[in-house]
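Here is the structure we will look at, set down as structure tokens.
The values are calculated or read from the model by the stated rules, or taken from the named source; none is laboratory data. Since the structure is predicted, the reported quantities are computational estimates derived from the model, not experimental observations. Neighbour counts run over all protein chains shown; Cβ positions are idealised from the backbone, glycine included. Ligands, DNA and RNA are stripped out before the accessible areas are found, and what is left, the full protein with its side chains, is counted by its heavy atoms. Shrake-Rupley method; radii C 1.70, N 1.55, O 1.52, S 1.80 Å.
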Amino acid sequence: MTPEDLWKAYVEDGNKDEKHEAWAFCGGGKEADELLSLVKEGKKRGTASSLIAYRVENEPLPKVGDKSIILDGNNRAHLIIVTRKVTVIPFQHVHPYHGYMEGEGDRSLNYWREVHELFFKPDYEAAGKDFDPMGEAVLEEFDVIYPPEYSEKDEIYLTLPIEEESEKYRDYRDEFKAFSSPMDGTDLLEVTEDTKEWVEKENGMWREENLPNGYVPSTLLVAKRRKDEKVVGMINIRHSLNDHLLKIGGNVGYSVRPTERGKGYGKKMLSLSLPYLKALGNIRALVTCNVTNEASRRIITSNNGVYENTVDGVERYWIEL
């Protein structure tokens, strides 16, 4: 199908006719077909470019809301996507979760770095420079919006927090305080007045040098509802277990805001986090809940949690990854 035909079908299905571009991953070829397949499988929802390439080509950076037709290696159109997030960050500081979102190889950060250093080097050469691991990368997250068989089915998605949405996180915290509800899975959000500071801290907790004593590397993700981008939950994913986490804390802690409970968001948040834990090198995940928390127990068992025992009033469940 040509890009024009795919866009025409999209508009005829009741969608707005608006500005869009057509492009292939990696500029085309075999790699474009391989990455397109990952998108169709639901594994790939992120991509990355070097900032220096935009500067050399004098091209504007992508923006949230941009729509694109994705082509295969022979310039045939297959999908329409919309950009939902754009982040510019030094290559060396790219978070493991973005490597996972790109869906390539074993979805690890090491694989992402290896592949993208090779991919970025020609951009630096075109600018007359050597590859710089502290050079900035332009990271994008996207949703598939057409055709329907490949478009997003989940009502929510998980993403790293960003400073630009710090007011949303403050509102999330304030709602929990108003309901006198525990804020599991939010780390220090409850006691941090400056939510921008909280974002910066949490996004660095995957790096050993940033960890307070007694902490393990972790990833904090916010759960956002697609239709309105509202933050409905948060989940903290511990990459490994220390003695305390093995006893009662587990690999995952999560919360759903009080006014959004009973909609299945907790179950979906845990489900979406498990493949990421596997990409981090785990073969099973420990998830725990208080003996009095029936809602959390249902979330765990609905994700195939197998009860092991109860320690100090905390039930311990293992989930095979």
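Among residues other than ASP154 with Cβ under 9 Å from its Cβ, the summed charge is +1 (Lys and Arg +1, Asp and Glu -1).
Solvent-accessible area of the stretch 180-321 (1.4 angstrom probe, protein heavy atoms only): carbon and sulfur portion equals 48 percent. Note on surface exposure: GLU18, GLU260 rank GLU18, GLU260 by accessible area, highest first, 1.4 Å probe.
When ligands, DNA and RNA are left out and all protein chains stay put, how many square angstrom of accessible area per residue does the stretch 128-248 have with a 1.4 Å probe?
Details: 5990 Å² over 121 residues.
Per residue, the stretch 128-248 has 50 Å² of solvent-accessible surface.
Mean-square fluctuations from a GNM of the chain, with a 10 angstrom spring cutoff on Cα atoms, peak among LEU274, LEU118, LEU211 at LEU118.
Hydropathy first: keep DSSP H helices in the chain averaging at least -1.0 on Kyte-Doolittle, then drop any whose Cα extent along the axis falls short of 24 Å, and list what survives. Numbers along the way, then the final one.
Values: long enough: 109-126 (26 Å, -0.83).
In the chain, the long hydrophobic H runs are 109-126.
Considering only ASN251, ASN75, ASN58, give the residue with the highest GNM mean-square fluctuation for the chain, with springs between Cα atoms whenever their separation is below 10 Å. The residue that fluctuates most here is ASN58. Quotient of the Cα radius of gyration of the stretch 149-207 and 2.2 N^0.38 Å, N being its number of residues: 1.32. Accessible area of MET205 (1.4 Å probe, protein heavy atoms only, ligands and nucleic acids ignored): about 0 Å².
Give me the mean projected area, in nm² to one decimal, of the convex hull enclosing the Cα positions of the stretch 199-321.
8.0
With a cut-off of 12 Å between beta carbons, the residues surrounding ILE319 carry a summed charge of +1, where Lys and Arg count +1 and Asp and Glu -1.
Counting only lysines at least 8 places from LYS196 when in the same chain, those with an alpha carbon closer than 16 Å to its own are LYS168.
Comparing Cα centroids, the stretch 158-211 and the stretch 265-321 end up 22 angstrom apart. To the nearest 10, the accessible area of LYS8 is 120 Å² with a 1.4 Å probe.
Cross-link list LYS19/LYS40; LYS67/LYS268; LYS63/LYS278; LYS43/LYS153: which exceed 20 angstrom alpha carbon to alpha carbon?
Values: LYS19/LYS40 23 Å; LYS67/LYS268 27 Å; LYS63/LYS278 31 Å; LYS43/LYS153 13 Å.
Checking Cα-Cα distances, LYS19/LYS40; LYS67/LYS268; LYS63/LYS278 exceed 20 Å.
Taking square-rooted eigenvalues a ≥ b ≥ c of the alpha carbon gyration tensor, is the stretch 135-283 rounded, prolate or oblate, where a/c under 1.5 means rounded and, failing that, a/b exceeding b/c means prolate? Note, shape of the stretch 135-283 comes out rounded.
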